[in-house]
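Novice: My questions will all concern the structure given below.
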Amino acid sequence: MGADRAAMTGGAGMMGGAAVTRVLVIKLGALGDFVQALGPMQAIRRHHPAARLTLLTTPPFEALGRRCGWFDDVWTTRRSRRPGDWLALRRRLIGGRFDMVYDLQTSDRSSFMWHLMWPCRPPMSGIARGCSHPHDNPARDRMHTIDRQRDQLARAGIAEVPPPDLGWMAGDLSGLDLPEAAPGGGYALLVPGGAAHRPDKRWPVARYADLAGRLAGQGMTPLLIGTAADAEATDAIARACPAAIDLTGRTDVLTLAALARRAALAVGNDTGPMHLCALAGCPCLVLYGAASDPALCGQRGAAVKIMRVDRLDDLDIDVVAHAAADLRAGVER
């Protein structure tokens, strides 16, 4: 277990007068949502210091659940319509003999997982009909994800949900063969990708290429971040800006967090990696169109600036470049 767990003392926590010894936390994904739930996860661990905590998540986040040190067990599940798979999950959930469930996914799918445990459903914090600690705030759908989760846990007796300690996110950067950052310059992370089915959430690649060139001209080294699905965009930027280093497909969550701590700046679309960069403390400029609302899901961190326009195609390169420079200058002052 991590240092945060080792430093804790006290009992397993109480729920309705009964000792809580086995706790289930449900958080399935995606990356941005999972990252924003790290604070609540750590708060749950602190509230139940001696309980056995189990995380139920999806395979992409299993390693994170194990690495953080807040969970004794990490279970994974996949989407399935097969009755046999649901019956197997039901047997496992009932076999866990949980005293309390915290549903941080709060979806129909996760609510159904609690209903699967009938007739021995434990108390739960969530939105499932009939759960013991419902998050029934009528404004929940108009709250930012982080504020909504804090309010949900407050109603379940967890009053303090501070930003998480991410010291355990210490990825090894030696395999990336990065050059030394130029004095007075540094690394600039560019995140031009996003969900393939949401092109309206992407600032044009040509403007990212222009921005990369401008940053390189200021002595910065642009680092291109993305998955294989973003390769077309990052490859185009790398061709237009030879000074850029293409790290597409070479960073996992831990290495990205380590890069974010070293970077002077990150500029990207509304996508999961930008949530991680912001939470890791990197100065972040995040570009939003009308397709998503930062009031509900915007990145939060020590130095985050969000720019929102109706159409990202209309967001001018000069405006973004000036905003990036202002963000850097504000952090350096």
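The values are calculated or read from the model by the stated rules, or taken from the named source; none is laboratory data. On a predicted model such as this, the values are computed, not experimentally measured, just so you know. Cβ placement follows ideal geometry from the backbone for every residue including glycine, while neighbour counts extend to all protein chains displayed. For the accessible areas, the whole protein counts, side chains as well, though only heavy atoms, and no ligand, DNA or RNA atoms are used. Shrake-Rupley method; radii C 1.70, N 1.55, O 1.52, S 1.80 Å.
Novice: Where q = 0.24, 0.25 Å⁻¹, what log10 of I(q)/I(0) comes from the Debye formula for segment 278-333, counting one point per Cα?
Specialist: -0.99, -1.04
Novice: Taking N as the number of residues in segment 159-201, what value does Rg over Cα atoms divided by 2.2 N^0.38 Å take?
Specialist: That ratio works out to 1.83.
Novice: Between 0 and 90 degrees, rounded to the nearest ten: what's the tilt of helix 253-262 against the longest Cα principal axis of the chain?
Specialist: The helix 253-262 is inclined about 50 degrees to the chain.
Novice: Hey, what does the equivalent ellipsoid look like for segment 115-255, semi-axes from the Cα gyration tensor as sqrt of 5 times each eigenvalue, largest first, whole Å?
Specialist: Those come to 42, 19, 16 Å.
Novice: Taking the Cα centre as origin and putting +1 on Lys and Arg beta-carbons and -1 on Asp and Glu beta-carbons, what dipole magnitude results for the chain, to the nearest 20 debye?
Specialist: Charge dipole, the chain, about its Cα centre: 1360 debye, nearest 20.
Novice: Give the Rg (one decimal place) followed by the Dmax (whole number) of the chain, computed from C-alpha coordinates and expressed in Å.
Specialist: Considering the chain through its Cα atoms, Rg and Dmax are 21.2, 65 Å.
Novice: Express in nm, to one decimal, how much length is gained between residue 81 and residue 196 on full extension, taking 0.36 nm for each residue of separation and deducting their alpha carbon distance.
Specialist: So the chain would gain 39.0 nm between residue 81 and residue 196.
Novice: Solvent-accessible area per residue for the chain at a 1.4 Å probe radius, Å²?
Specialist: 45
Novice: Another question, then. What is the gain in length, in nm to one decimal, between residue 318 and residue 261 on full extension, counting 0.36 nm per residue of separation less the C-alpha to C-alpha distance?
Specialist: 17.9 nm
Novice: While we're on this one: How big is the gap, in Å, between the Cα center of segment 271-333 and the Cα center of segment 129-143?
Specialist: 30
Novice: Per 0.36 nm of contour for each residue apart, how much would the distance between residue 90 and residue 66 grow if the chain were fully extended, relative to their Cα-Cα spacing?
Specialist: Between residue 90 and residue 66, full extension yields an extra 6.4 nm.
Novice: Which listed residue (58, 29, 48) has the Cα farthest towards the positive end of the charge dipole for the chain, taking +1 on Lys and Arg C-beta and -1 on Asp and Glu C-beta about the Cα centre?
Specialist: Most positive-ward Cα: 48.
Novice: Here's a follow-up. So if I take the alpha carbon set of segment 13-148, get Rg, then get Rh from the Kirkwood formula, what is the Rg over Rh ratio? Kindly include the intermediate steps, with their values, before the conclusion.
Specialist: Working: Rg = 14.1 Å, Rh = 15.2 Å.
Over the Cα atoms of segment 13-148, Rg/Rh equals 0.93.
Novice: Follow-up. Under the Karplus relation 6.51 cos²θ - 1.76 cosθ + 1.60, θ = phi - 60°, what is the ordered set of whole-Hz ³J(HN,Hα) values for segment 22-38, x standing for Gly and Pro?
Specialist: Here the 3J(HN,Hα) series is 9, 10, 10, 10, 10, 8, 8, x, 8, 4, x, 5, 5, 4, 5, 8, 5 Hz.
Novice: Additional query: Using Cα atoms only, what is the angle between the long axis of helix 83-95 and the major principal axis of the chain, expressed in degrees (0 to 90) to the nearest 10?
Specialist: Between helix and principal axis, roughly 70 degrees.
Novice: In deg cm²/dmol, rounded to 500, what helix-only [θ] at 222 nm does the chain give when every DSSP H run of at least 4 residues adds -39500 (n - 2.57) and the total is split over its residues?
Specialist: Computed mean residue ellipticity for the chain: -10000 deg cm²/dmol.
Novice: Something else about it: Translational diffusion coefficient of segment 257-303 at 10 °C, 1.306 mPa s, Stokes-Einstein with Kirkwood Rh over Cα pairs, in µm²/s as a whole number.
Specialist: 150
Novice: Where the accessible area of the chain is counted over protein heavy atoms with a 1.4 Å probe, how much of it, in %, is carbon and sulfur?
Specialist: 51
Novice: If you don't mind, there's one more thing I want to ask. In degrees between 0 and 90, to the nearest 10, how far off the longest principal axis of the chain does helix 231-240 point, with axes built from Cα atoms?
Specialist: Long axis of 231-240 versus the principal axis of the chain: about 20 degrees.
Novice: Right, here's the next one. Work out the length of the dipole vector of segment 69-109 about its Cα centre, built from +1 on the beta-carbon of each Lys and Arg and -1 on the beta-carbon of each Asp and Glu, and round it to the nearest 20 debye.
Specialist: Computed about the Cα centre, the dipole is about 380 debye.
Novice: Which one of 267, 102, 130 has its Cα pushed farthest toward the positive end of the charge dipole of the chain, where Lys and Arg give +1 and Asp and Glu give -1 at the Cβ?
Specialist: So the residue furthest toward the plus end is 130.
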